[in-house]
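Report on the following structure.
The values are calculated or read from the model by the stated rules, or taken from the named source; none is laboratory data. All values reported here derive from a predicted model rather than from experimental measurement. No Cβ is skipped: glycine too gets one built from the backbone with ideal geometry, and neighbour counts run over all protein chains shown. The protein model used for the area step is the full one, side chains on, heavy atoms only, and it has no ligands, DNA or RNA in it. Shrake-Rupley method; radii C 1.70, N 1.55, O 1.52, S 1.80 Å.
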Amino acid sequence: MTAAESRVADATDGGTGADALRARIAVLDSCALSDALDTLGLAGATTGIRALWSVTEPVVGTVRTVRAGPRRSGQPAAHIAASAVDSSGPGQVLVIANDGRLDVSCWGGILALAATRRGIGGVVIDGACRDIAESESLGFPVFGRAVVPVSARGRIVQLGMDERIEVAGTPVDSGDWVVADRNGVVFVPAAEAERVVALAERIVRREEGMAEAVRAGQPVDQVMHDSKFPSVEE
């Protein structure tokens, strides 16, 4: 078993630890997680990637990575992400790195249908997709940079799976956690997840208290002073 496969197995083993962590992450939004990552000096929050149809529920799960890129030969190739779809399931989210390209799709309606049947939670694309109406009709969440009609065939292929990729400049591994919601997309490194989630929970509690202070009439310039936000040392 490779290191990537081991991370995927650990995150999806259905054990009490993974289930408890998933439940804690599921009630946090991408903003709280982004703030926690910032405070800890960790990469994870992305920019420029958004829901490509009006997804209403957050997408939370562990990552399966796919790397796409230009064709290197004229030989037929397996379709991008097809093998990842066939080997993934509930609780997992596909993440496709295509260098942010907007001129070609790396996800479409047939893949969305297959992913839905496998129970996959959604897909995050550093690039573009097509057939977005089909994904919406299936209720399958798609996050990315653009929707285009241009097919991947003859243009780009899958170059790798379950290896480290970069999404909007952020390193992502299979087995990491992802939260995608109306604010954007955030990745939490698996090895740092407990620390990030604990700090995000503290941030949420602190902000709830700040909101109550504003409702009670306290001046917002006092409530939102930098000294009011949690630090790593607290």
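So which residues in segment 111-164 are among the basic types (Lys, Arg), surrounded by 18 or more Cβ atoms within 10 Å (Cβ to Cβ) and either closer than 20 Å to Val178 by Cβ or at pLDDT below 95 (or both)? Let's see the steps before the verdict.
From segment 111-164, those among the basic types (Lys, Arg) are 117-118, 130, 145, 153, 155, 164; that's our starting set.
When the remaining residues are screened for being surrounded by 18 or more Cβ atoms within 10 Å (Cβ to Cβ), the result is 130, 145.
Result: Arg145, single match.
Within segment 11-30, can one find any residue that is open to solvent by 70 Å² or more (accessible area, probe 1.4 Å), at pLDDT 95 or above and of a type in the set (Val, Ile, Thr)?
From segment 11-30, those open to solvent by 70 Å² or more (accessible area, probe 1.4 Å) are 13, 16, 19, 27; that's our starting set.
Restricting the remaining residues to those that are at pLDDT 95 or above gives 27.
Now narrow it down to the ones that are of a type in the set (Val, Ile, Thr): 27.
For segment 11-30, residues open to solvent by 70 Å² or more (accessible area, probe 1.4 Å), at pLDDT 95 or above and of a type in the set (Val, Ile, Thr): present.
Please verify whether segment 151-162 includes one or more residues that are among the acidic types (Asp, Glu) and within 14 Å of Ile125 (Cα to Cα). No; the residues of segment 151-162 include none that is among the acidic types (Asp, Glu) and within 14 Å of Ile125 (Cα to Cα).
One residue is enough: does segment 62-80 have a residue meeting the conditions in a helix (DSSP H, G or I) and open to solvent by less than 10 Å² (accessible area, probe 1.4 Å)? Taking every residue of segment 62-80 in turn, none turns out to be in a helix (DSSP H, G or I) and open to solvent by less than 10 Å² (accessible area, probe 1.4 Å). Could you say whether any residue in segment 178-195 is open to solvent by 80 Å² or more (accessible area, probe 1.4 Å) and free of Cβ contacts under 8 Å to residues at least 40 places away in the same chain? Scanning segment 178-195, I find at least one residue that is open to solvent by 80 Å² or more (accessible area, probe 1.4 Å) and free of Cβ contacts under 8 Å to residues at least 40 places away in the same chain, so the answer is yes. Screening Val59 with (1) in contact with a strand residue (DSSP E or B) (Cβ under 7 Å, 6 or more places away or on another chain); (2) within 20 Å of Gly169 (Cα to Cα); (3) β-branched (Val, Ile, Thr) gives one miss only, at (2).
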